[in-house]
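Worksheet: the structure to be examined is printed underneath.
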Amino acid sequence: MNTPKLRLLLLPVCLAAAWTFAAAAEPVCRRLANGLEVVILTDNTNPAIASFVVVKTGLRGEGMSSSGISHMLEHLLFNGTATRTQEQIYEEADLMGAYHNAFTRDDYTCYMMLAPREHFPKMLNLQVDMVFHSILPPEKLEKERGIVLEELARDRTSPRYAAERALAGHVFAGSPYALPALGTEASIATMSREQILRYYRSYYVPNNAVLLLVGDVDIPTALDHVERELGALPRGELPGGPAMPALFGPDRFAAFDVDGAASQVVVTLSAPALTEPAWTVFRLVRRWLEDEEMSPLAALVRAGAVKGFQGETLTNRDYSLYQITLELPGPGPVSPERARALADKLRALPLDHLPEPVVRAYITQETVSEIYDMENIHYVGMWKGQILALADPARYPDYFGDRAIAPLVRFDATAVRTETARLLGHPNPIITVLAAKPAAKSPAPMMPPGAGMPR
């Protein structure tokens, strides 16, 4: 890790680079008559175009009987349309030199294609056909069902799987976010094509989607192609959202026995939402808390209370959380009193040691990260997909380039300490103990009679 002094030296260069990049990358935003949002980010230094279709549905639209349906549908959309077989889809992509992929998240699913700029019209036609005109070929369902069940079986072999499922099930209890993204063996095994079709027709409509184009895009020409390919899609009537439970309340505590080398206490706190103004300073708070050298959490390590710590942000349409995982020195059970005492220590951590140069260094790191993500055009949809799914479209430009970075420089060490105190001071954190089961002692090897006896 760089020292704060070395980090600080990078600041003027990085901020200048961010300004130069952002000046050439102000997004152009349009809304088609059918409600489809279109965002175009030009980068004429790259002779390719990346196209991302962000559909605003994921785990949030699922229940126990439909668990995994978003991911299953994602698989099926690569299998054929009314005008193309699966083989033709892949052959056309290969002939363009295109890369295509997809992923499913809590509240959106993203489909991406990347191809040389001269193939943009053909690429967009192929992508739109796949995403909005699939026939979900019946003969492909069992193949994809088998693939997903294999993924589930592979996940279960991970030593972390049981711990991750227990943690999500406790923290998000009563909400769809407690369910696994891949679904369950029972839900996948019984999922019918008719059920998937209903889901597809309900959520895959233009007024529930965003098209993001990034790269060497000629904007007027691109908008003409977008209107031609997507403008005639009919609007849909979206299903109502599920009722979401309040996560925080008095004494949210649970303990689970899991495999692992060391027991952990996971403290879940309420964080600013991705679309809230406080998210900006929270980006710096995360940098501080996850900095092994400077983090106030390091005081717990120095005191011998924990062996190590990690931080993770979980954010979706309904909840924004920050989880602090405290790793204990070894395996074994953890009493509720010990776990609660560790959570209480978070509220009492000293927050006075945060020099201004370190805050400037964190701003540099955020700036570098933004530049890197934006200049690798096939990454943009991965990192910005969620904000496109959650934010008010009128504010889309605020989340790209310099407009995403500029607000950071307004915050100093006092602001970061204040937001950190608010975060750690949550009166009712969710406490989850992941108690690592001690390894069973191997029995002593059996010895034949007389072995080892003096002769």
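The values are calculated or read from the model by the stated rules, or taken from the named source; none is laboratory data. This is a predicted model, so every value here is computed, not measured. A quick note on method: Cβ atoms are made from the backbone with ideal geometry, for glycine too, and the neighbour counts reach across all protein chains shown.
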Legend entry - Filter result (outside any helix (DSSP H, G or I) and among the polar types (S, T, N, Q)) within segment 170-197: Ser175, Thr184, Ser192
Inset, instruction - Among residues belonging to segment 332-358 that are of a type in the set (Gly, Ala, Ser) and buried (at least 18 other Cβ atoms within 10 Å of the Cβ), point out the one that is nearest to the chain's Cα centre (by Cα). - result: Ala343
Inset, instruction - Check whether at least one residue in segment 253-268 is in contact with a His (Cβ under 7 Å, 6 or more places away or on another chain) and over 26 Å from Thr418 (Cβ atoms), and report yes or no. - result: yes
Inset, instruction - Confirm whether Gly58 is under 30 Å from Ile188 (Cα atoms) and surrounded by fewer than 23 Cβ atoms within 10 Å (Cβ to Cβ). - result: no
Legend entry - Of the criteria (1) in a helix (DSSP H, G or I); (2) surrounded by 15 or more Cβ atoms within 10 Å (Cβ to Cβ); (3) of a type outside the set (Phe, Trp, Tyr), which one Leu136 fails: (1)
Inset, instruction - Scan Leu434, Leu388, Leu328 and give me the residue that is on the phi < 0 side of the Ramachandran plot, under 19 Å from the mean Cα position of the chain (by Cα) and hydrophobic (A, V, I, L, M, F, W, C). - result: Leu388
Legend entry - Checklist (1) over 30 Å from Arg252 (Cα atoms); (2) assigned to a helix (DSSP H, G or I) applied to Leu167, failing item: (1)
Inset, instruction - Go through (1) at pLDDT 95 or above; (2) over 30 Å from Glu370 (Cα atoms); (3) under 28 Å from the mean Cα position of the chain (by Cα) one by one and return the number of the condition Phe120 breaks. - result: (2)
Legend entry - Matching residues, segment 400-434, being at pLDDT below 95 and aromatic (Phe, Trp, Tyr): Phe400
Inset, instruction - Identify the single condition in (1) part of a loop (DSSP other than H, G, I, E, B); (2) more than 25 Å from the chain's Cα centre (by Cα) that Glu229 does not satisfy, given that it satisfies every other one. - result: (1)
Inset, instruction - Looking only at segment 421-436, decide whether some residue is outside any loop (DSSP other than H, G, I, E, B), farther than 20 Å from Leu284 by Cβ, in contact with a helix residue (DSSP H, G or I) (Cβ under 6 Å, 6 or more places away or on another chain) and of a type in the set (S, T, N, Q). - result: yes
Inset, instruction - Among residues belonging to segment 376-410 that are out of contact with any strand residue (DSSP E or B) (no Cβ under 7 Å at 6 or more places or on another chain) and outside any helix (DSSP H, G or I), point out the one that is farthest from Gly35 (Cα to Cα). - result: Asn376
Inset, instruction - Give the residue, chosen from Ala48, Ala33, that is modelled with pLDDT of 95 or more, surrounded by fewer than 23 Cβ atoms within 10 Å (Cβ to Cβ) and more than 20 Å from Lys384 (Cβ to Cβ). - result: Ala33
Inset, instruction - Look at segment 314-345 and say how many of its residues are farther than 30 Å from Ile387 by Cα and either out of contact with any strand residue (DSSP E or B) (no Cβ under 8 Å at 6 or more places or on another chain) or of a type outside the set (Val, Ile, Thr) (or both). - result: 18
Legend entry - Qualifying positions in segment 25-45 - part of a loop (DSSP other than H, G, I, E, B), of a type in the set (A, V, I, L, M, F, W, C) and in contact with a Phe, Trp or Tyr (Cβ under 8 Å, 6 or more places away or on another chain): Ala25
Inset, instruction - Just give me the residues in segment 153-168 being out of contact with any strand residue (DSSP E or B) (no Cβ under 7 Å at 6 or more places or on another chain) and surrounded by fewer than 17 Cβ atoms within 10 Å (Cβ to Cβ), in sequence order. - result: Ala153, Arg154, Asp155, Arg156, Thr157, Ser158, Pro159, Arg160, Tyr161, Glu164
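Condition check ((1) closer than 17 Å to Leu211 by Cβ; (2) surrounded by fewer than 14 Cβ atoms within 10 Å (Cβ to Cβ); (3) modelled with pLDDT of 95 or more; (4) touching a Gly at 6+ places or on another chain (Cβ under 6 Å)) across all residues:
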| position | (1), (2), (3), (4) |
| --- | --- |
| Leu73 | no, no, yes, no |
| Ile89 | no, no, yes, no |
| Met96 | no, no, yes, no |
| Thr109 | yes, no, yes, yes |
| Met112 | yes, no, yes, yes |
| Gln127 | yes, no, yes, no |
| Arg145 | no, no, yes, no |
Inset, instruction - Any residue in segment 395-421 that's under 17 Å from Arg360 (Cβ atoms): show its pairings with residues that are among the polar types (S, T, N, Q) at Cβ separation under 6 Å, as long as the two are six or more apart or on different chains. - result: Ile405/Thr367; Pro407/Thr280
Legend entry - Cross-chain or 6+ apart pairs with Cβ under 8 Å, segment 138-151 first and in the same structural domain as Asn79 (by TED's automatic domain parsing), then surrounded by 13 or more Cβ atoms within 10 Å (Cβ to Cβ) and charged (D, E, K, R): Pro138/Arg193; Leu141/Arg193; Leu149/Glu185
Inset, instruction - Report yes if Ala361 is within 21 Å of Pro429 (Cα to Cα), buried (at least 20 other Cβ atoms within 10 Å of the Cβ) and among the small types (Gly, Ala, Ser), otherwise no. - result: no
